[in-house]
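*Asks:* Sharing a structure here in structure tokens format.
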Amino acid sequence: GIRIAHAYGGEVVNCDSTAVYRRFDIGTDKVPTHEQAGIPHHLIDVVEPTAVYSAAQYARDAAARIRDITARGRLPVLVGGTGFYFRALVDGLFDGPGRDDGVRSRLHGVAARRGVEHLHRVLQRVDAASAARIMPRDEKRL
């Protein structure tokens, strides 16, 4: 990313879900400042580890940074991550309700009482296609 940004007048935009967090320096592949070759890096160390930071928020933040970078005649170079944040930025997220902490808490309670597999069985009844994609013990996605 740094080489591309250097060659084409660009700036790096982090696309990794963990590099946005301050003090998450191990396992995030954050490039130390002294190795950034003078290339500006965006959306690294922007939120506290205790903050809730979603893919939707990332997409809004990244779109704003990209607009700013391109307005200055520079090339945004998106780097890192599994592709989820990139897809959220480029394709958007599903059409539906946003995060609902009350529902999330109730479902976590059901999983604690009846087992996460119960959530998977319920999902199979209401959305078989999603149940086929999501592992039976993946409580976060369920």
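The values are calculated or read from the model by the stated rules, or taken from the named source; none is laboratory data. Keep in mind the model is a prediction, meaning the values are calculated, not measured. Neighbour counts are summed over all protein chains in view; Cβ atoms, including those assigned to glycine, are modelled from backbone coordinates with ideal geometry. These accessible areas exclude ligands, DNA and RNA; they are computed on the full protein's heavy atoms, side chains included. Shrake-Rupley method; radii C 1.70, N 1.55, O 1.52, S 1.80 Å.
*Asks:* Tell me, which residue of segment 9-65 that is in contact with a Ser or Thr (Cβ under 8 Å, 6 or more places away or on another chain) and of a type in the set (Gly, Ala, Ser) is modelled with the highest pLDDT?
*Replies:* Out of the qualifying residues, it is Ala19.
*Asks:* So for segment 123-139 (the condition being exposed (fewer than 12 other Cβ atoms within 10 Å of the Cβ), of a type in the set (Gly, Ala, Ser), free of Cβ contacts under 8 Å to residues at least 40 places away in the same chain and within 30 Å of Val12 (Cα to Cα)), does at least one residue qualify?
*Replies:* No, every residue in segment 123-139 fails to be exposed (fewer than 12 other Cβ atoms within 10 Å of the Cβ), of a type in the set (Gly, Ala, Ser), free of Cβ contacts under 8 Å to residues at least 40 places away in the same chain and within 30 Å of Val12 (Cα to Cα).
*Asks:* Which number in (1) touching a residue at least 40 places away in the same chain (Cβ under 8 Å); (2) in contact with a helix residue (DSSP H, G or I) (Cβ under 9 Å, 6 or more places away or on another chain) marks the one condition that Val47 misses?
*Replies:* So the condition that Val47 fails would be (1).
*Asks:* Name the one entry in Ile26, Ile44 that is under 22 Å from Gln57 (Cβ atoms) and of a type in the set (Val, Ile, Thr). Give the derivation first.
*Replies:* Working: Ile26 fails: under 22 Å from Gln57 (Cβ atoms).
Within the list Ile26, Ile44, the selection yields Ile44.
*Asks:* Check Leu119 against each of (1) free of Cβ contacts under 8 Å to residues at least 40 places away in the same chain; (2) buried (at least 18 other Cβ atoms within 10 Å of the Cβ); (3) within 24 Å of Thr18 (Cα to Cα) and name the one condition it does not meet.
*Replies:* Status for Leu119: all satisfied but (3).
*Asks:* Among the helices (runs of 4 or more DSSP H) confined wholly to segment 1-110, which include 3 or more residues that are under 30 Å from Val122 (Cα atoms) and open to solvent by 30 Å² or more (accessible area, probe 1.4 Å)? Step through it out loud before you land on a result.
*Replies:* Numbers: elements: 2-8, 55-71, 84-91.
Answer list for segment 1-110: 84-91.
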